[in-house]
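Chemist: Take a look at this one; I'll ask things after.
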Amino acid sequence: MSTSPLQEPIPVPEEGQPITQLGPREWARQNLFRTWFDTALTVVFSLILAWALYRAGRFVFFTGRWEIIDRNLTNLLVFRFPRDELWRVWTGLFVLAGTFGVAAGSAARTRDQAVAEGRVAPPEERLVLRRFGPVLLLVAVLLYFAGTLSAFLLTAGVAVVAVAARFAGYRVPPNRAGWGFAVGILGLVAAFTVILGFGGVGWDRWGGLMLTIFLAVGGITISFPIGVLLALGRRSTFPAVRVVCVGYIELIRGVPLITVLFMGAFMLGFFLPPGTETPSLETRALVALVVFTSAYVAEIVRGGLQSVPRGQIEAAYAVGLSPLRTTALIVLPQALRAVIPAMVGQFITLFKDTSLVAIIGLTELLGVSSIVTSQPDFLGQGLIFETLVFAAFVYWVGSYSMSRESQRLERRLGVGQR
Amino acid sequence: MSRPAPWRDVRVLRIAFQAAFLVAVVAFVLWIVDNTVGNLERRGIRTSFDFLDQPAGFRIPGSDFRTSQSIGDAILVGVETTMKVSAIGIVLAFLLGVFVGVARLSPNWLVRRAAALYVESLRNVPVLAIIFFWYLAVILRLPTVEVAGLFVFSNRAFAVPDLTLEDGIELFGIAALVGLVAAAVVWRWRTRRFDATGEPHHRVLWGAGLLAAVLTVGFFAAGRPIGLDTPERLRFGFAGGLRMSPEFAGLLIALVLYTASHIAEVVRGSILAVQKGQGEAADALGLSPFQRLRFVVLPQAFRIMIPPLANHFLNLVKNSSLGVAIALPEVTRVVRIAISQRAPAPQSIVMLMGIYLVFSLSIALVTNLVNRRLQLKGRT
């Protein structure tokens, strides 16, 4: 280099572009060996990480005794669900794949339209594999343990239906986007009906991962309207309503979930008029989860309500809307849009928290993974290690994927940037 | 101006609506209470809180609680365990969380990745699964007796050396007090000198050195009043040292690891929320990376992180109730045992909720006080 860089015009990096692509050597120097302290850290951490990776890899591929998962896969997924009724679950899965595919396709169409009109920033380039990697890994692991051709074919069928439905949904005209959403909801109801209705299997006989998902989805769905009402009540101009709502919210938020679950398990039967039959433990757990979650949903929705500018309400009053219509037509649509990412976060929390129902004796995923270790064939071999790792992996895939999607959603909705 | 008819008067309508609302809520609550009392009486269960004075009739492992003591006393023993695990857990989780949170922003790629791996893998797993994992899969599978030098890790007990106080401790206490006062005086002297002349103050060195010297002299002058009590192996179990039951250790480790992963995210977010110019200004002044973090970035980040941090501390206290799943006799477990020993469930659970509510409200109160002290005054 003979010319001094100072004599040349300083290149202005383009906005948003990485300034320079470092070579591997330069990259390593800057990111791993900047100072002697950095070098020491790098050495120590690479030793620790290498050791951890070695131990984890050795466990997963060699020393782990996975036979217990292999033989109990159906137990872990549905537990007491009658085996000859399993076709209902598969049918439900097909229905869900079809309807959710349509909903996703229609949403993608709406988004692409918005991007084309320049109303929304284009999504950043992301590989499909990276986005769905954990879920695909989970499906692969489940198929490996299932190990039957029929399971493989059925899963492939579900995937094909989902992809086909997505393309079909993409053809829904953007001005009919509400339909896609409606189809999704309809699918949820239909899948539920297929499993429950027509001489089906009541949820007191559900178990494993299926019960986990049912409690999480059912819990958040029922909590949502209650939470919205509580949040509106908390911001009401009626002091009496406000006091009652604040009291409920703060009371529930101040106690651990397990005490509310105990309330459901031991007290709910006493609450009902004498002579009423006590609902099943599953139902009581669901009620407890709803009682608990609606307080947290209320706080999230309150945040959304506060984010609606005061001017919106004043403008609504100025054009002569009644308070009720102002809330329903002006405030809530804006508030609820702002809280979608936080609601996904609450759903993840609930998904993880459903594991606590194992303490009151329900057999959801975590409960099953601890009781299968006392089967005669597996008793006293310390196999809880393997089953817990499996259960934790399933939970991890669920909440990690959902949290990634919620981050995407947050960026797309531009929450906090408006 | 004439008043409108009462059924069209907004003021009257507002009051009428609220009255109706309150009547409905109260009626609902009374209906539940009435049903509960009726159901309890039909089954011959007492409806008052005097069961708290009844003899418990069960033992609490790991404490010298006697079966003849009352259920109320048992609950107090449980509260003590809850407070112990929460207090230790909060301190450890905070330290680990700050460490991991700072590591997530390290300029070193490997450190950053390792911290992210830790956070992402623990945050997305139910805390109950982590508790089960540590207690059932790790601690209970430790060898029965494992003595590693001064420490004991086994599936029967965890133990670390403990300090014992012997004769002459009063003298040593006085020496410690004198040392502290002397160190404080020296500290202020060095600070003033630094302010006046600008020569390096080394006040930590001076203060700590003086304190150490006084403590050493005091220790020997008082005839070595502090001894070390190391855990010893007996024929059955262990004696001496500071012992923890495996349940306690399992819950503590799991809660600390889980909460730290959440705290790390709070710390990271708060550091990123500090204006970039602050760090750049510190660099421009020639502060070292450590000084930059310690004196410029962290103090400001700390102010931002207090409310979410307090929330996670509170979560730790609430999650300690999961000790019930691994038979650690904290307050939830004790109440659970009491219920299975025929204590009336509704009153017991209401009481349990009340206890946790007191915990929550105290933490909220402390947070608000700290928050008010630390907030910048007169910020626009």
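Chemist: State, to one decimal in nm, how far the label point of A:M402 lies from the label point of B:R224, with both points 7 Å from Cα in the Cβ direction.
Modeler: Result: 6.0 nm between the two label points.
Chemist: Shifting gears a bit: Within region B:283-306, list the residues whose amide N lies under 18 Å from a label point set 7 Å along Cα→Cβ of B:T191.
Modeler: B:295-296, B:299
Chemist: Follow-up. Can you compute the equivalent ellipsoid semi-axes for region A:233-308, i.e. the square root of 5 times each eigenvalue of the Cα gyration tensor, sorted largest first and rounded to whole Å?
Modeler: On the way: eigenvalues 160, 40, 21 Å².
In descending order the semi-axes read 28, 14, 10 Å.
Chemist: Counting Lys +1, Arg +1, Asp -1, Glu -1, what net charge surrounds A:D204 among other residues with beta carbon under 12 Å of its beta carbon?
Modeler: Local net charge: +2.
Chemist: Dividing the alpha-carbon radius of gyration of region B:252-324 by 2.2 N^0.38 Å (N being the number of residues), what value is obtained? It would help to have the intermediate numbers written out before the result.
Modeler: Working: Rg = 15.5 Å, N = 73, 2.2 N^0.38 = 11.2 Å.
Rg over 2.2 N^0.38 Å, computed on Cα atoms: 1.38.
Chemist: Oh, and also: So who's got an amide H within less than 5 Å of the one on B:D229, skipping anything under 5 residues away but keeping other chains? H placed 1.01 Å off N, in plane.
Modeler: The list, which skips near neighbours in sequence, is B:D162, B:L163, B:T164.
Chemist: Binned at 10 Å from 0, what are the whole-percent values of the Cα-Cα distance distribution for chain A, short to long?
Modeler: Over chain A, the share of Cα pairs per 10 Å bin runs 4, 15, 24, 24, 19, 10, 4, 1, 0, 0 percent.
Chemist: A further question follows. Please work out the C-alpha center-to-center distance from region A:28-94 to region B:181-231 and express it in whole Å.
Modeler: 50 Å
Chemist: Using a Förster distance of 25 Å, how high is the FRET efficiency between A:R58 and A:A151, based on the Cβ-Cβ distance and rounded to 0.05?
Modeler: It comes out at approximately 0.35.
Chemist: Find out how many positive minus negative residues lie around A:V246, taking Lys and Arg as positive, Asp and Glu as negative, among other residues whose Cβ is under 11 Å from that of A:V246.
Modeler: Within the 11 Å Cβ shell, the charges total +3.
Chemist: Using a simple spin-label model with points 7 Å from Cα along the Cα→Cβ vector, what separation in nm is obtained for A:S46 and B:K84?
Modeler: Once both label points are built, they end up 4.5 nm from each other.
Chemist: Moving to a separate point now. Enumerate the calculated ³J(HN,Hα) couplings along region A:111-116 in order (Karplus 6.51 cos²θ - 1.76 cosθ + 1.60, θ = phi - 60°), each rounded to whole Hz, writing x wherever the residue is Gly or Pro.
Modeler: Couplings: 5, 4, 4, 5, 5, 4 Hz.
Chemist: Hey, rough spin-label estimate for B:V37 and B:Q54, points 7 angstrom out along Cα→Cβ, what's it come to in nanometres?
Modeler: Rounded to a tenth, the inter-label distance reads 2.0 nm.
Chemist: Could you list B:I131, A:I220 in order of exposure, starting from the residue whose Cβ has the fewest other Cβ atoms within 10 Å? Provide the component values of the computation, followed by the final result.
Modeler: Values: B:I131 26, A:I220 23.
Neighbour counts put them in this order, fewest first: A:I220, B:I131.
Chemist: Still on this structure, I have one more. Within 10 Å of each residue's Cβ, count the other Cβ atoms and sort B:V317, A:V139 from fewest upward. Walk me through the numbers before you get to the answer.
Modeler: Numbers: B:V317 22, A:V139 15.
Arranged by neighbour count, lowest to highest, B:V317, A:V139 become A:V139, B:V317.
Chemist: Something else about it: Where both residues lie in the protein assembly as shown, what percent of DSSP beta bridges are antiparallel, nearest 5?
Modeler: So the antiparallel bridges in the protein assembly as shown amount to around 95 percent.
Chemist: Take the alpha-carbon centre of region B:301-349, take the same for region B:13-37, and report the distance between them in whole Å.
Modeler: Taking the Cα centre of each part, region B:301-349 and region B:13-37 sit 31 Å apart.
Chemist: What full-extension length gain, to one decimal in nm, is calculated for B:R373 and B:L30 as 0.36 nm per residue of separation minus the Cα-Cα distance? Walk me through the numbers on the way to the answer.
Modeler: Details: separation 343, 0.36 × 343 = 123.48 nm, distance 4.28 nm.
Roughly 119.2 nm would be gained on extension.
Chemist: I need the phi-derived Karplus couplings for region B:316-325: 6.51 cos²θ - 1.76 cosθ + 1.60, θ = phi - 60°, integer Hz, Gly and Pro marked x.
Modeler: Ordered by residue, 3J(HN,Hα) equals 4, 4, 5, 5, 4, 5, 6, x, 4, 6 Hz.
Chemist: Arrange A:W203, B:W134, A:W27, A:W179 by Cβ neighbour counts within 10 Å, fewest through most, would you?
Modeler: Result, fewest neighbours first: A:W27, A:W179, A:W203, B:W134.
Chemist: In region B:329-380, which trypsin sites (Lys or Arg not before Pro) are in a loop and have at most 15 other Cβ atoms within 10 Å, using DSSP for the loop call?
Modeler: Working: sites: B:R333, B:R336, B:R342, B:R372, B:R373, B:K377, B:R379; in loops: B:R342, B:K377, B:R379.
Hits after loop and neighbour filter: B:R342, B:K377, B:R379.
Chemist: Right, next: For a quick check of your reading of the filter: which GluC sites (Glu not before Pro) in region A:197-301 sit in a DSSP loop and have no more than 11 other Cβ atoms within 10 Å?
Modeler: Numbers: sites: A:E250, A:E277, A:E282, A:E299; in loops: A:E277.
Sparse-neighbourhood loop GluC sites (Glu not before Pro): A:E277.
Chemist: Please report the orientation-averaged projected area of the protein assembly as shown, defined via the convex hull of its C-alpha atoms, in nm². List each step's numbers first, then the result.
Modeler: Working: hull surface 200.8 nm².
For the protein assembly as shown, the mean projected area of the Cα convex hull comes to 50.2 nm².
Chemist: While we're here: Given a Förster radius of 30 Å and the C-beta distance between A:E117 and B:W109 as r, what FRET efficiency does 1/(1 + (r/R0)^6) yield to the nearest 0.05?
Modeler: On the way: r = 40 Å, r/R0 = 1.32.
Efficiency, from the Cβ-Cβ distance: 0.15.
Chemist: For region A:205-418, with equal point scatterers placed on the C-alpha atoms only and solvent neglected, what are the log10 I(q)/I(0) values from the Debye formula at q = 0.11, 0.16, 0.19 1/Å, to two decimals?
Modeler: Reported log10 I(q)/I(0), two decimals: -0.65, -1.12, -1.34.
Chemist: Now for a different question. What is the sum of charges around A:V135, taking Lys and Arg as +1, Asp and Glu as -1, for the other residues whose C-beta is under 11 Å from the C-beta of A:V135?
Modeler: Values: positive: A:R131, A:R404; negative: A:E405.
Around A:V135, the charge tally is +1.
Chemist: Applying the Karplus parametrisation 6.51 cos²θ - 1.76 cosθ + 1.60 with θ = phi - 60° to the phi angles of region A:239-252, what ³J(HN,Hα) value in whole Hz is obtained for each residue in order, glycine and proline being reported as x?
Modeler: x, 5, 5, 4, 4, 5, 5, 4, x, 4, 4, 6, 4, 5
Chemist: Return the long-range amide H neighbours of B:S70 (sequence gap of 5 or more, or a different chain), with a cut-off of under 5 Å between placed amide H atoms.
Modeler: Placed amide hydrogens put B:A56 under 5 Å from B:S70.
None of the figures in this text is laboratory data; all of them are computed from the coordinates on show. In this text, all values refer to a predicted model and were calculated from it rather than measured experimentally. With ideal geometry, Cβ positions are generated from the backbone for all residues, glycine too; neighbour counts draw on all protein chains shown.
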